[in-house]
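Below is one structure; the comments refer to it alone.
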Amino acid sequence: MGTYAEYKEAFAGLTLPFAFVDVDRLEENIAAITHAAGGKHIRIASKSIRSVGMLNKILEAHPGYRGVMCYTAAEAVFLAAQGLDDLLIGYPQGMSSSIDRLLDWIADGRTISFMVDCVEHVAELERRAKERGVIVPLCLDLDLSVSYPGLRFGVWRSPLSTWAHMKPVAERITQSAWLILDGLMGYEAQIAGVGDNAPGTAMRNGLIRWLKKRAITEVSRRREEAVRGIEELGVKLRFVNAGGTGSLDSSGQEPWVTELTAGSGFYSPGLFDNYKSFRYQPAAGYAIEIVRRPSEDIVTCLGGGYTASGAAGADKLPKPYLPEGLSLLPLEGAGEVQTPLRCPKSVRLGIGDPVFFRHAKAGELCERFPVLYAVSKGELVGQYVTYRGMGECFL
Ligand SMILES: Cc1ncc(COP(=O)(O)O)c(C=O)c1O
């Protein structure tokens, strides 16, 4: 299933370029992620999905799926209006006017929690909560990066790396009549988001695996310390959120963790091919059209330059996917309007033929297309409208 010939035939009536999702593979990924979570609840990282229809499909797939980790307050307002509930805003939101709209949703009975990591965040949300007369749930973001001399293995997000750092912020929340300490989140980006089986870099892979192994112990120790510290303040947390697609197995081992976050694994984009401990099915991608043949061994497509965010590097380029054997040219990469591909003699392609690509990341694909066309068992079976397709663009 999912060969070039099958996709070409299934999508034959569509105008190129377009994006697609292979529903059978997606369902395999949903089942595999459910299994990897080992019975813990799974919160869906919406940044890696960016389609309301798709969020609902995953949420409905298994009772283990509970709630959404949103990436902006404006997005959460939009999702609340679409009927979604249990929304955790995964990142601090500054002065966004959408926060007030979310407070109104809380007043209407929705479960929405805001991420904080300093007293300034807490004070701003308290001010707004008081102004609107709403009690607001907050989630503390625990930094889980690990530092070695000359190396920070992790990301720069929360300054709260230990319970000693976190305690004053937690106490500030518990002392407020307008706030509830609702949750604790720790995202071990260096385990969940860093591949350790990338092609051609055996030494680097070995080093990353070693660093990850050590980090898992440290992450678990710091998270437990924070959970115990919060308990000692007399707070019963509604949730302790951990990890991402790349750390389901390790984050799920911690007994104090109540839920895991997953997003990327559902579409399983290019960067998620590079993990030793799991491999999900390539379930989403896009198709562009061959419009030129500048030489015997090169075909040139219209568009296709959908490079992923993050530290710039070849790993952020989209991957030519089907037919197999095509490759990007190092001096051109994936272009804004033209993408040339080296095409081996064994692959017979002509002007008008589609080439299927996979994005390096999951959700960013949906910023380029209004819908993901859905294919199942070799047939076009419908479509999932993306945020863009609904006229929305949050980041
Ligand atoms: C706070 C947080 N949790 C979890 C994730 C994991 O998401 P995914 O499963 O899409 O990699 C991310 C991704 O960046 C994140 O920022």
Picking from 216, 298, 290, the residue that is without any contact (Cβ under 8 Å) to a residue 60 or more places away in the chain and farther than 30 Å from residue 183 by Cα would be 298
Using the structure shown, decide if residue 355 is open to solvent by less than 20 Å² (accessible area, probe 1.4 Å) and assigned to a strand (DSSP E or B).
yes
Of the residues in the stretch 46-66 that are within 14 Å of the chain's Cα centre (by Cα) and not in a helix (DSSP H, G or I), the one that is farthest from residue 115 (Cα to Cα) is 51
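For the stretch 337-351, indicate whether the set of residues that are in contact with a helix residue (DSSP H, G or I) (Cβ under 8 Å, 6 or more places away or on another chain) and not assigned by TED's automatic domain parsing to the domain that holds residue 263 is non-empty.
no
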Selection over the stretch 317-352 where residues are within 31 Å of the chain's Cα centre (by Cα) and either assigned to a loop (DSSP other than H, G, I, E, B) or under 17 Å from residue 282 (Cα atoms) (or both) yields a count of 19
Residue 128 meets each of (1) surrounded by fewer than 20 Cβ atoms within 10 Å (Cβ to Cβ); (2) within 16 Å of the ligand (Cβ to nearest atom) with one exception, condition (2)
**Request:** For the stretch 183-193, indicate whether the set of residues that are in contact with a helix residue (DSSP H, G or I) (Cβ under 8 Å, 6 or more places away or on another chain) and either away from the ligand (no atom under 16 Å from the Cβ) or farther than 30 Å from residue 274 by Cβ (or both) is non-empty.
**Result:** no
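One line per residue, one yes/no per condition, for (1) in contact with a helix residue (DSSP H, G or I) (Cβ under 9 Å, 6 or more places away or on another chain); (2) within 16 Å of the ligand (Cβ to nearest atom); (3) closer than 21 Å to residue 86 by Cβ; (4) not aliphatic (A, V, I, L, M):
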{"site": "114", "(1), (2), (3), (4)": "yes, yes, yes, yes"}
{"site": "145", "(1), (2), (3), (4)": "yes, yes, no, yes"}
{"site": "162", "(1), (2), (3), (4)": "yes, no, no, yes"}
{"site": "210", "(1), (2), (3), (4)": "no, no, no, yes"}
Exercise for review: For the stretch 79-94, indicate whether the set of residues that are away from the ligand (no atom under 13 Å from the Cβ) and more than 30 Å from residue 26 (Cα to Cα) is non-empty.
Suggested key: yes
Over the stretch 228-252, the set of residues open to solvent by less than 10 Å² (accessible area, probe 1.4 Å) and more than 16 Å from the ligand (Cβ to nearest atom) is 229, 230
Whether any residue in the stretch 258-271 is open to solvent by 10 Å² or more (accessible area, probe 1.4 Å), over 16 Å from the mean Cα position of the chain (by Cα) and either within 14 Å of the ligand (Cβ to nearest atom) or at pLDDT 95 or above (or both) is what I want to check.
yes
Residue 282: passes all of (1) in contact with a strand residue (DSSP E or B) (Cβ under 9 Å, 6 or more places away or on another chain); (2) under 19 Å from residue 193 (Cβ atoms); (3) not in a loop (DSSP other than H, G, I, E, B) but (3)
Restricting the stretch 49-62 to residues that are open to solvent by less than 10 Å² (accessible area, probe 1.4 Å) and under 13 Å from residue 30 (Cβ atoms), the one nearest to the ligand (Cβ to nearest atom) turns out to be 49
Being out of contact with any Asp or Glu (no Cβ under 9 Å at 6 or more places or on another chain) and either open to solvent by less than 70 Å² (accessible area, probe 1.4 Å) or assigned to a strand (DSSP E or B) (or both) narrows 141, 182 down to just 182
Of the listed residues (147, 158, 96, 113), the one being in contact with a Cys (Cβ under 6 Å, 6 or more places away or on another chain) and either assigned to a loop (DSSP other than H, G, I, E, B) or closer than 30 Å to residue 219 by Cα (or both) is 113
*Could you check, for the stretch 153-163, whether at least one of its residues is of a type in the set (Lys, Arg) and surrounded by fewer than 15 Cβ atoms within 10 Å (Cβ to Cβ)?*
no
Among 345, 319, the single one that is within 23 Å of residue 5 (Cβ to Cβ), open to solvent by 30 Å² or more (accessible area, probe 1.4 Å), in contact with a strand residue (DSSP E or B) (Cβ under 7 Å, 6 or more places away or on another chain) and not hydrophobic (A, V, I, L, M, F, W, C) is 319
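The values are calculated or read from the model by the stated rules, or taken from the named source; none is laboratory data. Computed from a predicted structure; not experimentally measured. For neighbour counting, all protein chains shown are included, and Cβ atoms are generated from backbone atoms with ideal geometry for every residue, glycine included. Accessible surface areas use protein heavy atoms only, side chains included; no ligands, DNA or RNA. Shrake-Rupley method; radii C 1.70, N 1.55, O 1.52, S 1.80 Å.
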